[in-house]
Amino acid sequence: MLNSTFSPRVFSLVFAVVYTLDITFNWPMFRYYPFLGKFSWGDLALDPTVPGPLGPSMQWFGWMGWAFVAALVTAAIIPKKIGNRIPGVVFYIVPIIIMAGAYIREKEFILPVGG
Amino acid sequence: MIAFWDLVHALLAIGLLGAVTHQGLSVWRKPAPARAFIDRFRAVNGGGYANAVCVLYVLTFALGSFIYPQFVLDVKGSLIDYGMRKTIFLFQLKEHVAVTGLCLLPVYWHFWRTVPLTEDVGVRKYLTTLLMVATWWNLVVGHVLNNVKGLV
Amino acid sequence: MNNLLISERMISRLIVFSLVFPVIYVVLYYNELALFRFYPLVGELHLNIQPTTFGPAMTYYGWLVIAAIVGAVVAFAVPHRWALRLWAGWSWLVPLGATLFTFIYETRWLLH
Amino acid sequence: MYSMWSTILVVTHGIFAVGLIGALTHQVIALWSTAPTPSDNFFARLRNVRSGSYTNAVVILYLLDFALGAVIYATYRIEVRPYLEDIQFYVAAGSFETKEHLAALGLGLLPAYWLFWKAPGFSAHGNERKYITLLLAFFVWWNFLVGHILNNIRGLP
């Protein structure tokens, strides 16, 4: 069944677009706090009931979360015949848009502090 | 124990690097008899590597994800204290480069194993070269960061 | 595979070198004998041992140079007909022996 | 602080080692495989390589990697070894010293390794070729793993 519906082109394209949006606007599905060893849907820093110190919060897994879900659902819905009509050249831009989002997300590390 | 997983991550990355570099160089090679060592390195049957590259990429990615929290705690924190922000930026890019490769893996496999090899040659060449460059970038940056501060 | 033109004399020298080098190298590092020492902190080579202010002394380069020189001298000194009659198995048995000795010798770090 | 130069050298040393490990591992697997298996899967192709064609590449890569290692060894001796002794990581220090010696023994083994693969009249020495190649591969694998572990414990500034 998977072979007839799942289109790799749809999966890769949707994953890339959603991941780029996630990192650009910082929309993690969930966060991970390695110091506590704990996952959380929301930002624990905003939750007064959680005693500190929280340690660093990781969004990377959460950014991939939305991308995976969106890509899987879309790839399962759109029939393969239609999905395979996505021209291959579209994938030339995928790395470019992801890296653009990555720059927006991470530029704080190369700009002057407070810049 | 984290040092062990870091080592396994590095070894898988080397296997991936070998496979994807063989394949990446082969897509740029004009068909001709191969005599010199470099030529034979490139004169491989590219199609045969697609499955191995996918398996090795996913395994390397999974292990990288597994040791990443410890990196955030031990290494990234120290680098911030040292003020080594550009070094952190390098690793943050590695994070996104790894996801770029992961998300393109299905369509990379698709163009090698489903689409006839005579079609979309340019796209196949681009995707394979991209995965090769991404793997090299991640290995070098990972090695640089490991040299700055390891996972002990 | 082996269609390269190389004289018997050169073959015998390479064989002898590969047999002598590991033996000499092991003797040198075991006895800490070095023609010279390199002091990386100050970036200087010295024939004699320097005071501790110079920082750690490296004898590795000295061992390599001596082992290579002695290996080459013996390789040229030994008559090639004699060398070619050597049992071929020495070619891996001697370095294997040197390797085993090295591992045994380095267990000293476990007893620190 | 981390000098760019040290980082470039140690990363290059690592990349040459990767090339060396690739060539030697291909050669050893092909050498110790019983007979070429007529199959197209990835592992069969890993075995079905012309092992003789790797010899020159292995010698060149070994010499390059050894030279780089010899250069950065001085920085290791000043920056890492004293640190290992301070924190009493003696097994790590001893493992690296073993790496130093195996690298030298491998250097001495190269002429014989090359002979048994390339010189006329040596093709009959199949066993010697096998054992020498396996020994050299062991040196390279040990040095790579120990090098990576040590670099993980403490890098070269």
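Remarks
- Estimated distance in nm for a label pair at A:Tyr103 and D:Leu63, the labels positioned 7 Å out from Cα along Cα-to-Cβ: 4.4 nm
- In region B:1-124, Cα pairs under 8 Å separated by at least six residues give a relative contact order of 28 percent.
- Model label zone, D:Ile8; criterion: amide N under 16 Å from point 7 Å along Cα-to-beta-carbon; scope region B:126-147: B:141, B:144
- At R0 = 41 Å, FRET efficiency that the Cβ-Cβ distance of B:Val152 and B:Ala32 yields, to 0.05: 0.25
- Comparing D:Trp32, D:Trp114, D:Trp141 in a Gaussian network model of chain D where C-alpha atoms under 10 Å apart are linked, the largest mean-square fluctuation is found at D:Trp32.
- Dipole of chain A [Lys/Arg +1, Asp/Glu -1 at C-beta], most positive-end residue of A:Thr5, A:Ser40, A:Ala102: A:Thr5
- Shielding by partners, peptide A:90-97 (average Cβ within 10 angstrom, other chains): 5
- For region A:2-109, taking the reciprocal of the average inverse distance between every pair of different Cα atoms yields a Kirkwood hydrodynamic radius of 15.4 Å.
- Reachable lysines, given that their alpha-carbon falls under 30 Å from the alpha-carbon of B:Lys94 and they are not under 8 places away in the same chain: A:Lys38, A:Lys107, B:Lys76, B:Lys86, B:Lys125, B:Lys149
- Gaussian network model of chain A, Cα within-10 Å springs - most flexible of A:Val73, A:Val90, A:Val18: A:Val90
- Taken about its Cα centre, the protein assembly as shown carries a charge dipole of about 1640 debye when Lys and Arg each add +1 at the Cβ and Asp and Glu each add -1 at the Cβ.
- Choice from B:Pro116, B:Pro33, B:Pro69 showing the highest fluctuation, given a GNM over chain B with Cα pairs closer than 10 Å: B:Pro33
- Once the Cβ-Cβ distance of C:Leu35 and D:Ile72 is raised to the sixth power relative to R0 = 25 Å, the FRET efficiency obtained is 0.65.
- Selection from C:Leu86, C:Ile24, C:Phe103, by position along the positive dipole direction of chain C (Cβ): C:Leu86
- Under 17 Å from the D:Val91 label point (7 Å along Cα→beta-carbon), backbone N, region B:1-18: B:1-8
- Tail fraction, Cα-Cα pairs, region D:4-153, threshold 22 Å, whole percent: 45 percent
- For the protein assembly as shown, the residue among D:Gln88, D:Thr75, B:Thr114 whose Cα projects farthest onto the positive side of the dipole built from Cβ charges is B:Thr114.
- Under 17 Å from D:Lys118, Cα to Cα: lysines that are on another chain or at least 8 residues apart: D:Lys130
- Angle between chain D longest axis and helix D:126-153 axis [Cα atoms, degrees, rounded to 10]: 30 degrees
- Taking the C-alpha atoms only, the angle from helix C:90-106 to the longest principal axis of chain C is near 20 degrees.
- The magnitude of the dipole of chain D, with charges of +1 and -1 set on the Cβ of Lys/Arg and Asp/Glu and taken from the Cα centre, is near 480 debye.
- Taken along the Cα-to-beta-carbon direction at a fixed 7 Å, the label points for A:Thr49 and B:Trp137 span 4.3 nm.
- With the simple spin-label model, which puts each label point 7 Å out from Cα in the Cβ direction, the A:Phe30 to A:Phe61 separation comes to 0.7 nm.
Since every read-out is calculated from the coordinates, none of them should be taken as a lab result. Since we're looking at a predicted model, the values are computed, not measured. Glycine also receives a Cβ, built like all others from the backbone with ideal geometry; neighbour counts cover every protein chain displayed.
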